[in-house]
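Peer 1: Mind having a look at this structure? Questions to follow.
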């Protein structure tokens, strides 16, 4: 076996201002206001809905780690501006209104009837966020397979609260399953061997969520609650699979979890708060002493 079991858990989001006396053609058009923030929009969900890595060992690709994010109604962009409604002028008014205007004298200015402002667009109602993870690893000596690893898991999030996750793993012929659910104010974790209540804010070791850096962690292979310490090392530049360089921050996990993690932060525009933190890399040392690393695809 090339990887220690504890290491394998790593392989594992127009209004028209009415003018009192103006023709419709001269009324200023203002953009629609931005919609209110959407629940869960602060989670680091990729805009294309997926996150993929290739897994490297001794210069060879030995597998892939993919995550798919789906959420009904999710959009991090404001909806298009509502087209302005035309203002009603005297030329389009009723015959009675025209008659009254004529009686007031030809020198009287016609007052435009302001259009009723359109309400700001409402953001769509968001459903739960589903995160589906698939890991596939094969280590071979020529055509001969030496090691196989397959893992699949699904997480359900409501906003930034984890409601449940399930996982199934085939670690070179050793099969494990984990089921976890938030119920009655507790986060229940069940495996083939045990059932227990984990801390309510615990999350599985799937690493895409930066809560990994401070939340209680559950091994998504065997379901055990981990005693891990994660320390920030500092800024580093790592390589993506296509050769691009990524500015990130490295963190080192020790204790029940021994690996390196890299996260990159979206650079905010002037005056904006810092953007979400995204998982962009991972590295560990296998039981045979070889270095295994993730490269972002």
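Peer 1: Could you tell me which of rounded, prolate or oblate describes the range 141-194, using a ≥ b ≥ c as the square roots of the eigenvalues of the alpha-carbon gyration tensor, with rounded for a/c under 1.5 and, failing that, prolate when a/b is larger than b/c and oblate otherwise?
Peer 2: Numbers: a/c = 6.48, a/b = 2.31, b/c = 2.81.
Oblate, because a/c is 1.5 or more while a/b does not exceed b/c.
Peer 1: Right, another one. With a 10 Å Cβ neighbour count serving as the proxy for reagent exposure, in which order, fewest first, do 65, 158 appear?
Peer 2: Details: 65 23, 158 15.
With the sparsest Cβ surroundings first, the list reads 158, 65.
Peer 1: Still on this model: Once you treat every alpha carbon in the range 204-295 as an equal point and sum by Debye, what is log10 I(q)/I(0) at q = 0.10, 0.11, 0.12, 0.19 Å⁻¹?
Peer 2: -0.29, -0.35, -0.42, -0.97
Peer 1: Just want the ordering: 205, 237, 154, from fewest to most Cβ atoms lying within 10 Å of their own Cβ.
Peer 2: Working: 205 24, 237 9, 154 14.
Arranged by neighbour count, lowest to highest, 205, 237, 154 become 237, 154, 205.
Peer 1: Given the range 190-242, report the % of alpha carbon pairs whose separation exceeds 17 Å.
Peer 2: Numbers: 669 of 1378 pairs.
Beyond 17 Å sits 49 percent of the P(r) for the range 190-242.
Peer 1: Over 10 Å intervals from 0, what percent of Cα-Cα pairs in the range 130-283 sits in each interval?
Peer 2: The distribution over the range 130-283 is 10, 32, 36, 18, 4, 0, given as percents.
Peer 1: Follow-up question, since we're still on this one. Please report the spacing between the Cα centers of the range 283-297 and the range 41-73 in Å, no decimals.
Peer 2: 17
Rule-based calculations on the coordinates, nothing more; no lab input. Please read all numbers here as calculations on a predicted model, not as lab measurements. Reconstructed Cβ throughout: ideal geometry from the backbone, glycine too, with neighbour counts over all protein chains shown.
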